[in-house]
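J.: Attaching a single structure in structure tokens format; questions to follow.
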Amino acid sequence: MTEEPHIATLATHEVFNQSPPFEDINLYSLDTPLIEAVAREGGGDTHKTAAPEGLALDALGARLGSAEMLELGRLANTYPPVLRSFEPRGRRIDRVDYHPAYHAFMALAFEARAHCGSWRVGADKSVGPLPGANVARAAALYLLAQAEAGHCCPITMTNAAVPTLLAQPDVAAPWLAKIFVGEYDPRFLPMAEKKSVTIGMAMTEKQGGTDVRANTTRAEPVGNGGPGGRYRLVGHKWFMSAPMCDAFLVLAQAPGGLSCFLMPRFCEDGALNAIRLQRLKDKLGNRSNASSEIELEGAEAWLIGEEGRGVPTIIEMVTHTRLDCAISSAGLMRFCLAQAVHHARHRAVFGKRLVEQPLMARVLADMALDVEAAVALSFRLARAFDYPNDEREAAWRRVMTPVTKYWVTKLAPALAYEAMECLGGNGYVEEWPLARIYRELPVNAIWEGSGNVMCLDILRVLKRESAAVELVFEWLEAECADDAKLARALEEVRALLHRPREIESHARAFVEGLARLAAGALLNAHAPLSVAVPFIASRLTGGWRHTYGAGSERLDTSAILERVLAATDTASKRADAPPGA
């Protein structure tokens, strides 16, 4: 076995029967379910492009799958951000320093237009989605998350901030001009001096958390105040992610009630705004990205929309971030599965490669079913964001955003754990990427609304927007009519709608049932039978089980796993056959 020249030979033994590094591969071109989903959900001729001006998805996949970028992903998390409250002479600077690896990912994300790719500026300066834009941008985020997930936080928030900013066009105009730029500018300067900007968000406080109406931060008008007017914010925020963003959308109590504000890091006169970073959170995962606690000592901010309309104003931003939670979780699930399958194709036990062992093949194939479903459901949701004026797409977006976010983000940690186990002890150590991803994944289920919050959102839809619910169920009825198992599952989910006394306590059962049903219908319509049939049999009609591979349904493991990675992927070509294979 030929070793790379910089690796010394060990004195006591030869290293063999280890899978080669999963690197210098194309994360896009090896991902058959992704390619199919992007094309199917509206990418069309642009399905290889994250944005018309941006980096093509196949080029982005090659960059992100390179050994260089994967190593930068490790470095960005090994050396987390550092808070610098003061400069050497004692002046307050409230700055966070990041490792250069983090900035490398931010620059690549900007090149791919992942920070703004959902939006197009028309000839009349109007801003809105273009068919295919959200789907293609979602694919870029899905790929970026696999190599390094933490930087996706400011990328997501910047893209999601656009519709909320548009509620106040006079305030938004100079910021939007800097958002729609494909060159990352990390400098800590006033917006007017920068080439491009990022936008963050600060909503929650100690006493309220998700219940933002319990916020106590005060917004005091400077002069007359009102829409687009200047205010001073006094109070705190318990979580403000990516504190080096150039501005933040913030909720605070104005004289007219809870309101939404744009709060820049620098004031109009160029002075540092009164945003005091108290400390950075010591988080389980998401370590490359800083999250901070802040005090607002009269920070300058501008009202977006009307006083008292803070939640309806910022909800558009929240909705877009929920889509990204599902997309990035699906991407991380895919990367974990690909790592596990790659390892199983090269590691030998008891005279066979792991992937040839029936039990391991079944576990991997069962995992692949959930990845296929997560990709199908997440990208179907992305398509709904591309057509806001279409009644049926708007209904899908309203109903299925919390459903998809709930289900995909809750699937992901369990799948990552199983992938770690497929690698054995190697999967558990920090030198391999799976341990980092396992720690990363819970944030998508918690951020922008935990599981119960998603369920409560669905309960509000059932009470207030029954027409949207019916449009989604009309689609399900049409898609499920020709499959007895799907039709039966549909009736079980619909039955809960007619038991209003039970629906609140059973909301998780309803949301999960609806997610599995929609995923099954999508796979039944578009995936190979080798994927659709066992997914429906196990997830919709199978008995309860705790682990992957424990079902009794028949799996064509070879056909399923062939869709995970091409049998002759780049890394496989470099590998020596293990002894006894």
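J.: Label-point separation (nm) for K485 and E71, each offset 7 Å from Cα along Cα-to-Cβ?
T.: Taking the simple label geometry, K485 and E71 are separated by 4.6 nm.
J.: Based only on other Cβ atoms within 10 Å, what is the fewest-to-most ordering of R84, R494?
T.: On the way: R84 13, R494 17.
So the ranking, lowest neighbour count to highest, is R84, R494.
J.: Still on this structure: Here are a few candidate values for mean projected area of the Cα convex hull in nm²: (i) 26.0; (ii) 35.8; (iii) 28.3. Which one was actually calculated from the structure I just gave you?
T.: Recomputing mean projected area of the Cα convex hull in nm² here picks out (iii).
J.: Now for a separate question. Could you work out the local net charge near R563, counting Lys and Arg as +1, Asp and Glu as -1, over the other residues with Cβ closer than 10 Å to its Cβ?
T.: Residues close to R563 contribute a combined charge of -4.
J.: Restricting attention to the alpha-carbon atoms of segment 199-310, what are Rg (one decimal) and Dmax (integer), both in Å?
T.: When restricted to the Cα atoms of segment 199-310, Rg and Dmax are 13.3, 44 Å.
J.: 222 nm [θ] for the chain, helices only, -39500 (n - 2.57) per DSSP H run of 4+, per residue, to 500?
T.: Dividing the helical sum by the residues of the chain leaves -15000 deg cm²/dmol.
J.: If you don't mind, there's one more thing I want to ask. Measuring from centroid to centroid over Cα atoms, what is the spacing of segment 369-401 and segment 285-317 in Å?
T.: Result: 27 Å between the Cα centres.
J.: Let me ask something else about it. Multiplying the sequence separation of A8 and R218 by 0.36 nm and subtracting their Cα-Cα distance, what value in nm do you get?
T.: 69.4 nm
J.: What number in nm² do you get for segment 32-193 if you take the convex hull of its Cα atoms and divide its surface by four?
T.: Mean shadow area of the hull around the Cα atoms is 11.1 nm².
J.: I need D457, D185, D282 ordered by Cβ neighbour count within 10 Å, fewest first.
T.: D282, D185, D457
J.: Per 0.36 nm of contour for each residue apart, how much would the distance between S85 and R120 grow if the chain were fully extended, relative to their Cα-Cα spacing?
T.: The S85-R120 span can extend by a further 8.8 nm.
J.: A follow-up question, please. Hey, what do the phi angles of segment 292-309 turn into as Karplus ³J(HN,Hα) couplings, whole Hz, using 6.51/-1.76/1.60 and θ = phi - 60°, x for Gly and Pro?
T.: Rounded to whole hertz, the list is 10, 9, 9, 10, 10, 9, x, 5, 6, 8, 10, 5, 9, x, 9, 4, x, 10.
J.: Place a point 7 Å from the Cα of T78 along the Cα-to-Cβ direction; which residues of segment 421-441 have their backbone N under 15 Å from it?
T.: Residues passing the 15 Å test: 429-436.
J.: Please list, ordered by chain and number, the residues whose modelled amide H lies under 5 Å from the amide H of A254; skip anything fewer than 5 residues away on the same chain.
T.: Correct list: A219, S259, G308.
J.: Using the Karplus curve 6.51 cos²θ - 1.76 cosθ + 1.60 with θ = phi - 60°, what ³J(HN,Hα) values do you get for each residue of segment 79-84, in whole Hz, with x for Gly and Pro?
T.: 10, x, x, 10, 7, 10
J.: Taking each pair of distinct Cα atoms in segment 313-562 once, what is the resulting Kirkwood hydrodynamic radius in Å?
T.: 18.7
J.: Continuing with this model, one more query. With 10 angstrom as the radius, rank T210, T12 by how many other C-beta atoms surround their C-beta, starting from the fewest.
T.: Ranking T210, T12 by Cβ neighbours within 10 Å, fewest first, gives T12, T210.
Coordinate-derived values only; no laboratory data. It should be emphasised that the depicted structure is a prediction, and the values quoted were computed from it without experimental measurement. Reconstructed Cβ throughout: ideal geometry from the backbone, glycine too, with neighbour counts over all protein chains shown.
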